[in-house]
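A quick write-up on the structure given underneath.
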Amino acid sequence: MSDTPGSTAPREVDPWRFAGSFLKNVISARIPAEPAYADIPWTPVAKPLSKSRVALLSTAGLSMAGDPPFDMEMERQNPLRGDPSWRRIRDDATHESVEANHLHIDTSYILRDLNVALPLDRLRELVAEGAVGAMARTHYSIMGYQGNDTSALEQTSAPEIAQAMRREEVDLALLAPV
């Protein structure tokens with residue numbers, strides 16, 4: 001992908017654009033030089049996208065209004081730790097029906113346009129065009145920032161989300177990182 005038609009130069013993305021210099025320095029200093037996992041267990045796509053049911057997974061700490069929010073007090077007390085639990089987001093969610101609970105990101109833009117953290121409208125458009133077979137009834141959110149201890153997210157939340165997706169017969173999950 002490039003910015004100029006006909007150009008083959010790669011497009012650069014600033015991963016720290018919304019983090020601020022302090023948070024950029026704290027987080028980047030904690031990123032290991034070597035990846036934690038040698039192999040990522042990717043699963044081959046089993047059927048065409050046009051016949052697949054798709055769910056979204058956001059890392060923005062989203063919850064439906066009225067549902068328990070993510071634990072931001074834990075985050076306040078220890079800024080190097082995030083709530084490892086997860087939330088269900090309905091397929092009819094809008095920025096009015098969703099709350100964003102995350103101190104490590106600026107959530108104001110999410111509350112103006114949910115699609116920046118959970119692109120439900122874009123997914124609906126792809127389903128309407130026939131590019132995607134169906135949209136899952138349920139989508140999911142986690143608090144992406146976990147600091148150094150990702151064990152609860154890996155050992156509890158991720159398997160629970162995967163099981164919920166299996167029950168709903170989701171074929172593909174798309175990660176919407178924030």
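No value in this document is a laboratory result; all are computed from the given coordinates. Keep in mind that this is a model prediction, so the values were computed, not measured. Don't worry about glycine lacking a Cβ; one is built from the backbone with ideal geometry, like all the others, and counts go over all protein chains shown.
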Exercise. Over what distance in Å are the Cα centres of the range 129-168 and the range 89-106 separated?
Worked result: 15
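I need the peptides 96-103, 55-62, 76-83, 141-148 ranked by packing, meaning the mean over residues of other C-beta atoms within 10 angstrom, with the highest value on top.
Going from most to least packed, we get 55-62, 141-148, 96-103, 76-83.
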Exercise. How many percent of DSSP beta bridges within the chain run antiparallel, rounded to 5?
Worked result: 50
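Taking 30 Å as R0, compute the FRET efficiency from the Cβ-Cβ separation of F22 and T156 and round it to 0.05.
Numbers: r = 30 Å, r/R0 = 1.01.
Calculated transfer efficiency: 0.50.
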Problem set entry | Length-normalised contact order for the range 48-176 - Cα pairs under 8 Å, 6+ apart - percent | 44
For this session: Report the semi-axes of the equivalent ellipsoid for the chain in whole Å, largest first, where each axis is √(5λ) for an eigenvalue λ of the Cα gyration tensor.
Result: 26, 22, 19
